[in-house]
1. For the stretch 109-204, give me the percentage of DSSP beta bridges that are antiparallel, rounded to the nearest 5 percent.
2. Hull surface divided by four, with the convex hull built on the Cα atoms of the stretch 38-92: how many nm²?
3. Between the alpha-carbon centers of the stretch 200-216 and the stretch 123-194, tell me the distance in whole angstrom.
4. Run the numbers on the stretch 80-171 and let me know its relative contact order in percent, using alpha-carbon pairs under 8 Å that are six or more apart.
5. Determine, for each peptide in 268-280, 153-165, 240-252, the mean count of other beta carbons within 10 angstrom over its residues, then list the peptides with the highest first.
6. How fast does the stretch 46-280 diffuse by Stokes-Einstein, in µm²/s, taking the Kirkwood radius from C-alpha pairs at 20 °C and 1.002 mPa s?
7. Show me 229-235, 207-213 ranked by packing, highest mean number of other Cβ atoms within 10 Å first.
8. Of the DSSP beta bridges with both residues in the stretch 168-229, give the percent that are antiparallel, rounding to the nearest 5.
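What follows draws every value from the coordinates through simple rules; no lab data is involved. All values derive from a computational prediction rather than experimental measurement. For neighbour counting, all protein chains shown are included, and Cβ atoms are generated from backbone atoms with ideal geometry for every residue, glycine included.
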Amino acid sequence: MIKKLKNWGSKPCHWVKGVPTFYVLFLVTFSLLSCQTKPADSEKAGIAISFDDHFIDDWYALRPLFQKYNARVTFFLTCPVLLTTEEIVKIKQLQRDGHEIGFHGTIHGNATELLKSDGVQKYIETELEPGLKHLAQIGIKPTSYAHPGGNHTDQADSILLAHGFKILRDVAQAERKLFGIPVYHFEPRVMSWIYYPFNKRKIVDALMIDEGTNISEKEIKEALKKAKDTNTAIMLFGHQPLHEKPKNGQYGFSVTFLETILKEAKVQNLKFYTMSELPDSKIKLQ
Ligand SMILES: [Zn+2]
């Protein structure tokens, strides 16, 4: 708005003279009122990136990239009981760097099937407790959860929220294929559900950026700009960092594509959020 007034003020004097005073007053008053009722422009606009599964060495190798862009992200770890001593050292270092360690299940099970076949108690004893206990022993207490395989039910969500998780992350996909043929392709900027509006929502969807989802650089840049324009945080996630095309059933994202995202986040001056920070963050009105 200030910019608008400045531009308007820089108009030649004869233009101002020709405009009726009441009209000028109306415009200024209207502009001031608009500013008071609107959220502060892009004050909270940001990006929350997360990574799933157990690719600790590969995630650790991304440290220089994260440092280059002052990026903080969330690692949703599964099968923590399999952590080696070296991996524990790396996970702890990532945490010290300011990244968040979230939880992605003890056995990476299918919540719907586990709850159906074994019931609530067994689900808790199989999927939640052992992994959380193991992480607690190494000083990690996750407060965010990503559903293994993007599978969950309302019942699973209530159990997880009752266990104290602040936010539960599900999967959103820009493109889906059936027998190798794309059934749909959304431009990410129209997927309103991948934007966090800072309303304390605890159940969210993040857009998968893995290879095969066919999101172009242009599309992702426009998607980040939308976060800036709407003062929201865009949520993205991937699996294994890859330096070449996936092979032998690998599922992961291109590190070059990740750098495009980090670079654009800097250009757009987006804040980096870890997943647990999203529901904690409040939007301020001017
Ligand atoms: Zn997973």
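1. Beta bridges within the stretch 109-204, antiparallel portion: roughly 45 percent.
2. Details: hull surface 20.2 nm².
The orientation-averaged projected area of the Cα hull of the stretch 38-92 comes to 5.0 nm².
3. Value for the Cα centre distance between the two parts: 11 Å.
4. Working: 99 pairs, mean separation 29.1, N = 92.
So the answer I get is 32 percent.
5. Working: 268-280: 20.2, 153-165: 15.2, 240-252: 13.0.
Those peptides, ordered most packed to least, come out 268-280, 153-165, 240-252.
6. Numbers: Rh = 18.1 Å.
Estimated diffusion coefficient is 119 µm²/s.
7. Details: 229-235: 21.9, 207-213: 19.7.
Those peptides, ordered most packed to least, come out 229-235, 207-213.
8. Numbers: 4 of 9 bridges.
Of those bridges, close to 45 percent are antiparallel.
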